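The values are calculated or read from the model by the stated rules, or taken from the named source; none is laboratory data. Only a predicted model underlies this, so the values are computations on that prediction, with no experimental measurement involved. As a convention, Cβ positions derive from the backbone with ideal geometry for all residues, glycine included, and neighbour counts pool all protein chains shown. All accessible areas refer to the heavy atoms of the entire protein, side chains included, with ligands and DNA or RNA removed. Shrake-Rupley method; radii C 1.70, N 1.55, O 1.52, S 1.80 Å.
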Amino acid sequence: MFYIGCHLSVSGGYESMGKTALSVGANTFQYFTRNPRGRGFKRPADSDVLALVALMEANGCAPPLAHAPYTFNPASAEERIWTYSRDSMREDLEVLEMIPGALYNFHPGCHVGIGSEAGIANCARLLSEVITPGQGTRVLIETMAGKGSEIGKTFEEVRAIIDSVDEACRPHVGVCLDTCHISDGGYDITGDREAVLEAFDSVIGLERLYAIHLNDSKNPLGAAKDRHEKIGEGFLGLEGLKGVINDKRIKHLPFYLETPNELDGYAREIALLKSVRE
Ligand code: FE
Ligand code: FE
Ligand code: ZN
């Protein structure tokens, strides 16, 4: 099964996102758990979340990928920011327990001067505090572009975060690979996919990979910019991304588009990708 979805707005509620996903030809989707740049949080009604679950199940969809807002910084040395990130992530995970098999993706954050090692330690400590050993949701560290003082740009850093999480929580930690970010981070995912996936496997382990953010990039390899482009219109190109969605090691994973599109653009990209899926 080809699981493909795009990023959707949560503003109309949970069930509404499921309907929108189906309307653009998607069988999964991603959304922000709360305003990506603000601090407010309105907990969704249980009935709305359960209606989404029923709709997705009835249509053979893969569970959604919830994305934490950009205001979190788990790597931060600032107590107030770190605590806010931890408490909000806990709240998000509580809601997600209503969605069987849900995935939760977050940015490991910026160390803002304290160094990656300290940032990694802060991030891992946060995960150890929010993850409960019995939870159903997998928490995914997103691979980053390395903009500013972002941690998680190298596979080694991602691995270091996982290794520093409490052992009881570690089985619930996975990785989401963003094709734009890793290209910006210097991994030639379209030019030399073999080498990149081998590196991922030897450093992190492909069994830790649970989702792919499928994006083209406005910038060349190693640019560290993090500017997504529409599929086929950027540095990675359609041929390269076609290789990614058809690679036998990862083709079973859900793919999520975070390309600069409105719904009609997403519908077109999903149809295009389906047409080149083998
Ligand atoms: Fe992201
Ligand atoms: Fe992403
Ligand atoms: Zn990005």
Single residue of the stretch 59-92 satisfying the filter (among the β-branched types (Val, Ile, Thr) and away from ligand 3 (no atom under 16 Å from the Cβ)) that is surrounded by the fewest Cβ atoms within 10 Å (Cβ to Cβ) = 83
Is it the case that some residue within the stretch 242-250 is within 14 Å of ligand 3 (Cβ to nearest atom), within 19 Å of residue 276 (Cα to Cα) and out of contact with any Cys (no Cβ under 9 Å at 6 or more places or on another chain)?
-> no
Pull up the stretch 49-94, narrow it to residues that are of a type in the set (Val, Ile, Thr) and over 18 Å from the mean Cα position of the chain (by Cα), then point me to the one that is nearest to ligand 1 (Cβ to nearest atom).
-> 81
Are any of the residues in the stretch 215-222 assigned to a loop (DSSP other than H, G, I, E, B), within 16 Å of ligand 3 (Cβ to nearest atom) and under 15 Å from the mean Cα position of the chain (by Cα)?
-> yes
Of all residues in the stretch 15-73, how many are in contact with an Asp or Glu (Cβ under 6 Å, 6 or more places away or on another chain) and aromatic (Phe, Trp, Tyr)?
-> 0
Considering only the stretch 190-206, state which residues are in a helix (DSSP H, G or I) and either open to solvent by less than 10 Å² (accessible area, probe 1.4 Å) or not polar (S, T, N, Q) (or both).
-> 193, 194, 195, 196, 197, 198, 199, 200, 201, 203, 206
Looking at the stretch 165-189, which of its residues are more than 16 Å from ligand 2 (Cβ to nearest atom), assigned to a loop (DSSP other than H, G, I, E, B) and surrounded by 17 or more Cβ atoms within 10 Å (Cβ to Cβ)?
-> 165, 169
Those residues of the stretch 10-57 which are assigned to a loop (DSSP other than H, G, I, E, B) and under 22 Å from residue 268 (Cβ atoms), in sequence order | 12, 24, 25, 26, 27
Looking at 245, 161, which is the one that is modelled with pLDDT of 95 or more, within 16 Å of ligand 1 (Cβ to nearest atom) and assigned to a helix (DSSP H, G or I)?
-> 161
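Table: residues versus (1) buried (at least 18 other Cβ atoms within 10 Å of the Cβ); (2) not hydrophobic (A, V, I, L, M, F, W, C).
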{"position": "103", "(1), (2)": "yes, no"}
{"position": "113", "(1), (2)": "no, yes"}
{"position": "118", "(1), (2)": "no, no"}
{"position": "151", "(1), (2)": "yes, no"}
{"position": "154", "(1), (2)": "yes, yes"}
{"position": "158", "(1), (2)": "yes, no"}
Which residues, counting only those in the stretch 248-273, are assigned to a loop (DSSP other than H, G, I, E, B), open to solvent by less than 60 Å² (accessible area, probe 1.4 Å) and away from ligand 2 (no atom under 16 Å from the Cβ)?
-> 251
